Amino acid sequence: MLVTLALATVPALATSKLFESAQLTPSGEYTFGIEGPAVDRDGNLYVVNLGKPGTIGRLAPEATTSEKFTELPDGSVGNAIRIDAAGTMFIADYKKHNIFAIAPGETAPHLVFHADDMSQPNDITLSRDGTIYASDPNWKARSGRIWRIARGPNGALQGEAMAAPRAMGTANGIDLSPDGRTLYVGESSSGEIWSYAVDGDALATPRLIRRFEPNTIDGLRTDASGRLFVARILKGSIAVLTPDGRAIREITLRAKEPTNLAFGGSDGKTVFVTQRQGGFVESFRTDVEGREHCLQTQTC
């Protein structure tokens, strides 16, 4: 009896070990375009492109298979999801240059922002006051911009490309520091990560904080302590950096093509990683909750 109990506790202990990743969902659930993970306050994980482009899948807490949550309008394909403190979901539609929103308790996406002169958008992040920052890469030209999208006097979302003091590369992964004053941008083609001071509708004080090999970085997220978690696509790992770019840790993953990540779980310390290679989600535990989870629960 004692032996049986001891053996039964081994999996639980193994899954709680920090920074040790395990596959969570079945291979092939999601398409090659698996991206945009985000977790709501109830612990549901949302990921784009479940089974076919244009869908959003939902993985309930403790579940190991996803279910269809919703589908975007015809021709639209999501690439990023973020959820604000009120529970509103925002989806970046890179095909049709849109931002959609889904209200709490609903599944139907509503168009809240469109820009013809946007190349994508690719990834988005949310500030404490609800401002959306969107990366907008031009992959062919190896250039990019950041858009600031905020509510105007009439309550509708309005946006424009932010002025920047340097020519930006292919802007991809994006997130804010916990205090909202610094914006981190990963430029995929060069492998560089830059930090900028947020100055209203402009970016200031650019600083190159880390350079990886070209074409080996994708999405990134920050935690409540300010550390950066960077998806090392083609390298099969998550790099953990200090705010000034010093490498702290490299977390080995189950597959080689992580596209993005999100913090969730009851304490915000479970990291979910979308894997293009295999079309599944894997996860690991960390020691500090994610910035967005902290904002959602209003504990910081």
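Side notes on the structure shown:
- The set of residues in region 34-62 that are modelled with pLDDT under 95 and either of a type in the set (A, V, I, L, M) or farther than 24 Å from ILE132 by Cα (or both) contains only GLU62.
- Within this structure, THR259 fails the test of being assigned to a strand (DSSP E or B), touching a residue at least 40 places away in the same chain (Cβ under 8 Å) and either under 24 Å from THR299 (Cβ atoms) or not polar (S, T, N, Q) (or both).
- Condition met for ALA167 (of a type outside the set (Asp, Glu), more than 24 Å from GLN298 (Cα to Cα) and surrounded by fewer than 17 Cβ atoms within 10 Å (Cβ to Cβ)): yes
- Test: residue in region 111-133 that is without any contact (Cβ under 8 Å) to a residue 40 or more places away in the chain, in a strand (DSSP E or B) and buried (at least 16 other Cβ atoms within 10 Å of the Cβ): no
- Within region 74-82, one or more residues are of a type in the set (Val, Ile, Thr) and within 17 Å of GLN296 (Cα to Cα).
- Identity of the residue in region 128-164, in contact with a Gly (Cβ under 9 Å, 6 or more places away or on another chain) and of a type in the set (S, T, N, Q), that ends up farthest from LEU208 (Cα to Cα): GLN158
- Exactly one residue among THR4, THR31 is modelled with pLDDT under 95 and outside any loop (DSSP other than H, G, I, E, B), and that residue is THR4.
- Tabulated pairs, region 178-196, first more than 18 Å from THR131 (Cβ to Cβ), second among the aromatic types (Phe, Trp, Tyr) and in a strand (DSSP E or B), C-beta under 7 angstrom, 6+ apart or interchain: GLU187/TRP194; ILE193/TYR184
- Meets criteria (among the small types (Gly, Ala, Ser) and either modelled with pLDDT of 95 or more or within 23 Å of ILE174 (Cα to Cα) (or both)) for ALA14: no
- Considering residues of region 234-286 that are closer than 24 Å to LEU208 by Cβ and of a type in the set (Lys, Arg) only, the residue surrounded by the fewest Cβ atoms within 10 Å (Cβ to Cβ): ARG246
- The single condition from (1) assigned to a loop (DSSP other than H, G, I, E, B); (2) basic (Lys, Arg); (3) under 20 Å from ARG276 (Cβ atoms) that ARG58 fails is (1).
- Of the strands (runs of 3 or more DSSP E) lying entirely inside region 172-254, the ones with 3 or more residues being among the aliphatic types (A, V, I, L, M) and farther than 23 Å from ASN79 by Cα are found at 202-211, 247-252.
- Cβ separations smaller than 9 Å between residues 6+ apart or across chains give the following pairs from region 38-54 residues that are among the hydroxyl-bearing types (Ser, Thr, Tyr) and buried (at least 18 other Cβ atoms within 10 Å of the Cβ) to residues that are assigned to a strand (DSSP E or B) and modelled with pLDDT under 95: TYR46/GLY36.
The values are calculated or read from the model by the stated rules, or taken from the named source; none is laboratory data. Every value quoted in this text rests on a predicted model; they were computed, and no experiment measured them. Reconstructed Cβ throughout: ideal geometry from the backbone, glycine too, with neighbour counts over all protein chains shown.
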